[in-house]
Amino acid sequence: MKIAIGCDHAGLQLKENIKTLLVSLGVEILDYGTGDSCSVDYPDYGERVSDAVSSGAVERGILICGTGLGMSIVANKFPGVRATLCHNSFTARMGRLHNDSNILVLGARTIDERIAAEIVRIWIETPFEGERHSRRLEKISIIESKLNDRNRE
Ligand code: RB5
């Protein structure tokens, strides 16, 4: 699996830890930055990763900022992106089983490293359940199409 990963300054340390874990899980990583602790704007990095997922360049993405809130707002603007902000193993599992999450968002200032690693491992390994959840995701796609049509008018 190929995963794009990005963060702002608040998420830098957690991103580095997660990259080590991803390598051990056999995941191919594309790191879209940021690469140092200088203060940056999360939308710039959220856009890069979300665009890579939305365009199909990568299968999934991981975004990290201080709370995970800003990155969630950015990511869910992109067509086809289903970004889920997860705080524990339950939300990580449900985000895959029910929402077919393709971007995992983490708040580096809200969870510790051990929980973050557990969330990432579960999010990587849990499949989408399909069935009634596919119908619901299809409804989200229809909403996206309606909004696109409206924006074109
Ligand atoms: C940066 O200070 C902080 O605002 C950012 O990391 C994030 O939490 C925004 O939602």
Largest to smallest accessible area among 142, 18, 115 [probe 1.4 Å]: 142, 115, 18
10 Å Cβ shell holding at most 14 others, DSSP loop, trypsin sites (Lys or Arg not before Pro): longest site-free stretch of the chain: 1-76
Rounded percent of accessible protein surface that carbon and sulfur make up, the chain, 1.4 Å probe: 50 percent
Distance between modelled label sites at residue 93 and residue 153, nm, 7 Å Cα→Cβ extension: 4.4 nm
Rg/Rh (Cα only; Kirkwood hydrodynamic radius) as it applies to the chain: 0.97
Fully extended contour minus Cα-Cα distance, from residue 20 to residue 1, at 0.36 nm per residue: 5.3 nm
Pair-distance profile P(r), taking every C-alpha pair of region 69-153, with 10 angstrom steps and integer %: 18, 43, 29, 10, 1
Distance between region 3-30 and region 67-95 - C-alpha centres, whole angstrom: 16 Å
Charge dipole (debye, nearest 20) of region 1-61; +1 at Cβ of Lys and Arg, -1 at Cβ of Asp and Glu: 260 debye
Most mobile listed residue (117, 92, 75) in the chain, GNM with C-alpha springs under 10 Å: 117
Two-site label geometry, residue 134 and residue 109: point separation in nm, points 7 Å out along Cα→Cβ: 4.2 nm
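Pick out, in residue order, every one of the GluC sites (Glu not before Pro) in region 2-81 that is DSSP loop and has at most 16 other C-beta atoms within 10 Å; say none if there are none.
For GluC sites (Glu not before Pro) across region 2-81 that sit outside H, G, I, E and B with at most 16 neighbouring Cβ atoms in 10 Å, the list reads 59.
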Per-residue [θ]222 nm for the chain (sum of -39500 (n - 2.57) over DSSP H runs n ≥ 4, rounded to 500): -15500 deg cm²/dmol
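The values are calculated or read from the model by the stated rules, or taken from the named source; none is laboratory data. Note that the structure is a prediction, hence the values are computed from the model and not measured. For neighbour counting, all protein chains shown are included, and Cβ atoms are generated from backbone atoms with ideal geometry for every residue, glycine included. The protein model used for the area step is the full one, side chains on, heavy atoms only, and it has no ligands, DNA or RNA in it. Shrake-Rupley method; radii C 1.70, N 1.55, O 1.52, S 1.80 Å.
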